[in-house]
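Everything below concerns the one structure shown next.
The values are calculated or read from the model by the stated rules, or taken from the named source; none is laboratory data. The model shown is predicted, which means the values in this text are computed figures rather than measured ones. A quick note on method: Cβ atoms are made from the backbone with ideal geometry, for glycine too, and the neighbour counts reach across all protein chains shown.
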Amino acid sequence: MDGAAPLFRMEGISKRYGGVRALEKADLTVTAGGIHAILGENGAGKSTLIKVMAGVVAPDEGTMTLDGREVSFASPAAANQAGIVCIFQELSLIPELSVADNIVISGPPKRFGMIDRKAQRRIAEEALARAGASDIHPRALVKDLPLSRRQMVEIAKALARKPRILILDEATSALTASDVAKVFEVLKRLRSEGLALLYISHRMNEIAELADHCTVFRNGRNVASYPAGSKSDNEVVELMIGREYSHIFPPKPGSAPAATPVLEARNLSWADRLDNISLSVRPGEIVGLGGLDGQGQRELLLAFFGVLRGLRGEVLIDGKPVSIASPTAASHGSIGMALIPEDRKTEGLMLPMTVRENLSFAALDRLSKAGIIDRAAEQRLIDDMVGLLAIKTAGLDIPVGALSGGNQQKVVIAKWLMRQPRIILLNDPTRGIDVGTKQELYQLMRKLADEGAAILFYSTDYDELIGCCDRVLVLYDGAVKRELIGDGITEHALIASALNMQGDDTRFGLGGKA
Amino acid sequence: MRDWRYWLAEQRGTLLAFGIFIVMFAIYSANHPAGFTANVVQTAANKGVLLAFVAMAQTLVVLTAGIDLSVGMIFTLTNCMASWLVIGTGLETAFGVLAVLGTGLICGAVNGAIVIYGRLQPIVATIATGAVFFGLALLLRPVPGGSVNEDLADFLTGRFFGVVPASLVALLVVVLVVWVPFSRSEFGRAAYAAGSSETAAYMSGVPIRRGKFLAYTLAGLLAAIGGLFLTFFTYTGEAAYASGNAYTLFSIAAVVLGGVSLFGGKGSAIGAIFGALAFRTIGDLLFVFDFDPLWQPLFQGVILLIAVSLGAFALFRVRNRLEWFL
């Protein structure tokens, strides 16, 4: 901070949505040449704060000053003009357009009223180089790029707007470890060039590495502001959740149950994404899938759930080989499998439909007699689930899209628990949800396991794997590279095996193959 | 370095349509009793150009992930209008042409306004407006008739230097004046962006509404140019319901053959033009091979069905079932 005049200041900002207070007299001071981390649970007001800054929503009261002058933004374009650019959590790239088209999308260079393609190409190459992603060809179509590369394009796109304040909202959540390292280098360089960066992340280790200054938000207010590194992780989390932070992970039972595996794979291969995978999960066991993002974990779960075609190798249920042809087959009858998908908005929920409808979709066959839904039975089961998962909703008949991220995720999980599955596959279920809900989910997972469910759990968060799993299989390039058991599951072991004990550039060749 | 590969990937649909057309036209002219002569090319061009204009119109709308089921009716309406107005002295004729093109623009703008500002689905909105446009056409020409400035008509349907069909030159001019500036403008890109992912486009501050509105409006203009040329070829106006509908359907076939994705965001009007010429040549092939004309509609229907199914073939190669729904 060093007494430098603040570049940007927000004072007494409040914003209400209907009766809900999203921000209540919040203050924030941003200085040039610094990385400022914003922490807080979902619903703490972080997103609203950013939206106000980026001109997406107008505040009800309060003032914003830029360079000492009072400003207000009518639209994102106006904020961009003032030099405030936000990389939103949801990707804003257009799939059928090229990388270069996307980078200049909001204000393409023009000659004679038409887009100047040469200038566009130059800007795109410059921006990609600045983002440390010059391996991406400006003419490549965005839809042909893997998720992590798209995120890099998103960053390049923001840089092409020549921001003075760059806001990153969970911008690294889709990135691979080697990309994260590159983005960090870029961010540090931008800081030394005098940009102000606002960094929002749920990953404490990222904040520890990057931030100069941190501000914690809770219930729409900034509750603490301190120089980075002056508080322990535990203190920070306590500030965020406003309650005692202890035993976030439920205790593990200790010895592995000796029962026969309910789910087993033998030499499973698919396209060039899964390579000869063998594993088994016993009832009562939580088996983690680790490794860098995009090493085949998602495909493995989809393979079990009957989504992939052209699978080689064997899947065994209760020791008997089966062929699972569709999610319907996987979830019905003797298999009893459920998959909690990664992207709840497209694969988990029908956002405009009600909470009630979403909850019963997967279990309609069990709730109906002769094709007619038994309303009373449905209501009973839904009440059970809403109670079990403590879903916070204003009612069962409001659109599920109106719920907070954490509660939406609970609905996705509840929807599958209505079938009382024996095998539960979880695909990074805690991504982008708040600490409190995470904790509830960990406890739920252990409870389900104790009741005899077999759980296969993929997470991009090493802490979760360490805290929740009885065993962890680390995937690399579509194959199981290492199995970690019990106390052997340590951060060091996870990272070492995720990187396959080579340089962190190993991930690179894979992007081209995908 | 590898730029040409990306260029090739971008132009694949257009090149494929061009290839299909060349092969079919070669077969056609080889089997035509008169062979590959200026006359045969002129006749084929005149017929093909009509569908090409309507297909270009359809392309603009399909790029925005919409569909315009009224293009055939705008084509019919402007034909009827031209049979009243494009006549007389040079000045009167010029006024008539402008009035006809203006009508097309208005029809397109109405479609655009209903779809964009009224938030109706394009399929429903344009079926309704199409019915209205046909109704107007019928009022203008309850029975076929009228006439057109024959000097202008003969000039634009004849040949330049004895070999180059004038209608093809007109098509080229329209491409250069309408399509090229559109596709390279910010609004053209907005139309592509809206067709590919409307939310992402919105979040990026793309002028979606203006882009889509311009696409619909120019579609009306292009359909009107088609209607004008129909009048030049036939010298009359006719509120022909079946023919209007057929042009709408064929425009969709032409667009798909031309590599334009019905899901939006991908393709070019150049591809659609070759798609249109290829589709027309299919009809002509039936003629040179002496098929019973009675079979032609059935045959064209089958081609249309195959063409629209082409887009679905990619699904057979999908190994992850989730991609079916993308």
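Could you check how many residues of segment A:110-127 are within 10 Å of another protein chain (Cβ to nearest Cβ) and either in a loop (DSSP other than H, G, I, E, B) or of a type in the set (Gly, Ala, Ser) (or both)?
3
If a residue has to be in contact (Cβ under 8 Å) with a residue 40 or more places away in the chain, closer than 18 Å to A:Leu289 by Cα and among the aliphatic types (A, V, I, L, M) to count, how many in segment A:423-443 make the cut? Please lay out each step first, then the result.
Within segment A:423-443, the subset in contact (Cβ under 8 Å) with a residue 40 or more places away in the chain is A:423-429, A:431-440, A:442-443.
Restricting the remaining residues to those that are closer than 18 Å to A:Leu289 by Cα gives A:423-429, A:431, A:438, A:442.
Filter again for among the aliphatic types (A, V, I, L, M), leaving A:423-426.
Adding up the residues that qualify gives 4.
Go through segment B:210-242 and report how many residues are in a helix (DSSP H, G or I) and more than 14 Å from the chain's Cα centre (by Cα). Before the answer, list the steps.
We begin by selecting, within segment B:210-242, every residue in a helix (DSSP H, G or I); these are B:210-234, B:241-242.
Going one step further and asking which of them are more than 14 Å from the chain's Cα centre (by Cα), we end up with B:210-214, B:231-234, B:241-242.
Number satisfying all stated conditions: 11.
Can you tell me which residues in segment A:54-81 are out of contact with any strand residue (DSSP E or B) (no Cβ under 6 Å at 6 or more places or on another chain) and either hydroxyl-bearing (Ser, Thr, Tyr) or within 18 Å of A:Pro6 (Cα to Cα) (or both)? Don't jump to the end; show me each part of the working.
First, pick out the residues of segment A:54-81 that are out of contact with any strand residue (DSSP E or B) (no Cβ under 6 Å at 6 or more places or on another chain): A:55-58, A:67-69, A:72-81.
Residues satisfying the conditions are A:Asp67, A:Gly68, A:Arg69, A:Ser72, A:Ser75, A:Ala79.
Residue by residue through segment A:47-81, note down the ones that are in a loop (DSSP other than H, G, I, E, B), away from chain B (no Cβ under 13 Å) and in contact (Cβ under 8 Å) with a residue 60 or more places away in the chain. Break it down into steps so the answer makes sense when it comes.
Start the filter on segment A:47-81 by keeping residues that are in a loop (DSSP other than H, G, I, E, B), which leaves A:54-60, A:67-68, A:72-75.
Still in the list and also away from chain B (no Cβ under 13 Å): A:57-60, A:67-68, A:72.
A:Asp67, A:Gly68 - these are the residues of segment A:47-81 that are in a loop (DSSP other than H, G, I, E, B), away from chain B (no Cβ under 13 Å) and in contact (Cβ under 8 Å) with a residue 60 or more places away in the chain.
Given segment A:327-442, what helices (runs of 4 or more DSSP H) lie entirely inside it while holding 2 or more residues that are surrounded by fewer than 18 Cβ atoms within 10 Å (Cβ to Cβ) and of a type in the set (Lys, Arg)? Write out each step before concluding.
Details: elements: A:327-331, A:355-360, A:364-367, A:375-389, A:405-417.
Where helices (runs of 4 or more DSSP H) fall fully within segment A:327-442 and carry at least 2 residues being surrounded by fewer than 18 Cβ atoms within 10 Å (Cβ to Cβ) and of a type in the set (Lys, Arg), they are A:375-389.
Applying the selection to segment A:294-346, what residues are in contact with a helix residue (DSSP H, G or I) (Cβ under 6 Å, 6 or more places away or on another chain), more than 19 Å from A:Pro429 (Cα to Cα) and not small (Gly, Ala, Ser)?
A:Leu308, A:Leu311, A:Ile324
If only one of B:Tyr192, B:Tyr202 is facing another protein chain (nearest Cβ under 8 Å), among the aromatic types (Phe, Trp, Tyr) and part of a helix (DSSP H, G or I), which one is it? Write out each step before concluding.
Values: B:Tyr202 fails: facing another protein chain (nearest Cβ under 8 Å).
From the options B:Tyr192, B:Tyr202, the qualifying one is B:Tyr192.
Is it fair to say B:Phe95 is over 24 Å from B:Thr248 (Cα atoms) and surrounded by fewer than 18 Cβ atoms within 10 Å (Cβ to Cβ)? Spell out the reasoning first.
Values: over 24 Å from B:Thr248 (Cα atoms): yes; surrounded by fewer than 18 Cβ atoms within 10 Å (Cβ to Cβ): yes.
Spelling it out, B:Phe95 is indeed over 24 Å from B:Thr248 (Cα atoms) and surrounded by fewer than 18 Cβ atoms within 10 Å (Cβ to Cβ).
Are any residues in segment B:156-175 more than 22 Å from the chain's Cα centre (by Cα) and either assigned to a loop (DSSP other than H, G, I, E, B) or surrounded by 14 or more Cβ atoms within 10 Å (Cβ to Cβ) (or both), and if so, which ones? Can you show your working first?
Filtering segment B:156-175 down to residues more than 22 Å from the chain's Cα centre (by Cα) leaves B:159-163.
The answer is B:Arg159, B:Phe161, B:Gly162, B:Val163.
Determine if segment B:50-72 includes at least one residue that is within 20 Å of the chain's Cα centre (by Cα), within 14 Å of chain A (Cβ to nearest Cβ) and assigned to a helix (DSSP H, G or I). Show your work before the answer.
First pass over segment B:50-72, keeping only residues within 20 Å of the chain's Cα centre (by Cα): B:50-72.
If we keep only those that are within 14 Å of chain A (Cβ to nearest Cβ) as well, we get B:62-65.
This time we only want the ones that are assigned to a helix (DSSP H, G or I), so: B:62-63.
So far as segment B:50-72 goes, yes, one or more of its residues are within 20 Å of the chain's Cα centre (by Cα), within 14 Å of chain A (Cβ to nearest Cβ) and assigned to a helix (DSSP H, G or I).
Across segment A:99-109, which residue is surrounded by the most Cβ atoms within 10 Å (Cβ to Cβ) among those that are free of Cβ contacts under 8 Å to residues at least 24 places away in the same chain and within 7 Å of another protein chain (Cβ to nearest Cβ)?
A:Asp101
Check whether at least one residue in segment B:258-267 is away from every other protein chain (no Cβ under 14 Å) and outside any helix (DSSP H, G or I), and report yes or no.
Within segment B:258-267, the subset away from every other protein chain (no Cβ under 14 Å) is B:258.
Pick out the ones that are also outside any helix (DSSP H, G or I) and you get B:258.
Scanning segment B:258-267 turns up at least one residue that is away from every other protein chain (no Cβ under 14 Å) and outside any helix (DSSP H, G or I).
I'm checking my understanding of the structure. Among residues of segment B:177-189 that are part of a helix (DSSP H, G or I) and facing chain A (nearest Cβ under 7 Å), which one is nearest to A:Asp101 (Cα to Cα)? Walk me through how you get there before you give the answer.
Of the residues in segment B:177-189, the ones part of a helix (DSSP H, G or I) are B:177-184, B:186-189.
Next, from what is left, pick out any that are facing chain A (nearest Cβ under 7 Å): B:181, B:184, B:186, B:189.
On the way: B:Pro181: 16, B:Arg184: 11, B:Glu186: 10, B:Arg189: 8 Å.
For segment B:177-189, the residue satisfying everything is B:Arg189.
Where residues in segment A:292-320 are assigned to a strand (DSSP E or B), in contact (Cβ under 8 Å) with a residue 12 or more places away in the chain and at negative phi, which of them is farthest from the other protein chains (Cβ to nearest Cβ)?
So in segment A:292-320, the residues assigned to a strand (DSSP E or B) come out as A:308, A:312-317, A:320.
Among the residues that remain, those that are also in contact (Cβ under 8 Å) with a residue 12 or more places away in the chain are: A:308, A:312-317.
Cutting the leftovers down to at negative phi gives us A:308, A:312, A:314-317.
Numbers: A:Leu308: 6, A:Arg312: 12, A:Glu314: 18, A:Val315: 16, A:Leu316: 22, A:Ile317: 20 Å.
Result: A:Leu316.
Restricting to segment A:193-220, name every residue that is within 19 Å of A:Val180 (Cβ to Cβ) and of a type in the set (Ser, Thr, Tyr).
Selection gives A:Tyr199, A:Ser201.
Okay, residues lined up against (1) under 22 Å from A:Gly333 (Cα atoms); (2) assigned by TED's automatic domain parsing to the domain that holds A:Gln439; (3) modelled with pLDDT under 85:
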position: A:Ser360; (1), (2), (3): yes, no, no
position: A:Arg366; (1), (2), (3): yes, no, yes
position: A:Ala377; (1), (2), (3): yes, no, no
position: A:Gly387; (1), (2), (3): no, no, no
position: A:Ala394; (1), (2), (3): no, no, yes
position: A:Val400; (1), (2), (3): no, no, no
position: A:Lys415; (1), (2), (3): yes, no, no
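Which residues, counting only those in segment B:284-301, are touching a residue at least 40 places away in the same chain (Cβ under 8 Å) and in a helix (DSSP H, G or I)? Please lay out each step first, then the result.
Step one: filter segment B:284-301 for residues touching a residue at least 40 places away in the same chain (Cβ under 8 Å), giving B:284-285, B:288-289, B:300.
Result: B:Asp284, B:Leu285, B:Val288, B:Gln300.
Among the residues of segment A:153-189, what is the count of those that are within 20 Å of A:Arg122 (Cα to Cα) and of a type outside the set (Asp, Glu)?
If we filter segment A:153-189 for residues that are within 20 Å of A:Arg122 (Cα to Cα), which is where we start, we get A:153-163, A:186.
Now restrict to residues that are of a type outside the set (Asp, Glu): A:153, A:155-163, A:186.
Residues in segment A:153-189 being within 20 Å of A:Arg122 (Cα to Cα) and of a type outside the set (Asp, Glu): 11 in total.
Quick one: A:Lys157 ticks every box in (1) away from every other protein chain (no Cβ under 14 Å); (2) buried (at least 17 other Cβ atoms within 10 Å of the Cβ) except a single one, so which number is it?
A:Lys157 satisfies every listed condition except (1).
I need the full set of residues from segment A:87-98 which are within 10 Å of another protein chain (Cβ to nearest Cβ) and either within 23 Å of the chain's Cα centre (by Cα) or of a type in the set (Lys, Arg) (or both), in order please.
Quick first cut of segment A:87-98, residues within 10 Å of another protein chain (Cβ to nearest Cβ) only: A:88, A:90-98.
Once the filter is applied, which keeps residues that are within 10 Å of another protein chain (Cβ to nearest Cβ) and either within 23 Å of the chain's Cα centre (by Cα) or of a type in the set (Lys, Arg) (or both), segment A:87-98 yields A:Phe88, A:Glu90, A:Leu91, A:Ser92, A:Leu93, A:Ile94, A:Pro95.
When segment A:444-467 is examined, which residues are found to be within 24 Å of A:Glu238 (Cβ to Cβ) and modelled with pLDDT of 90 or more?
First, pick out the residues of segment A:444-467 that are within 24 Å of A:Glu238 (Cβ to Cβ): A:444-446, A:459, A:461-467.
A:Leu444, A:Met445, A:Arg446 - these are the residues of segment A:444-467 that are within 24 Å of A:Glu238 (Cβ to Cβ) and modelled with pLDDT of 90 or more.
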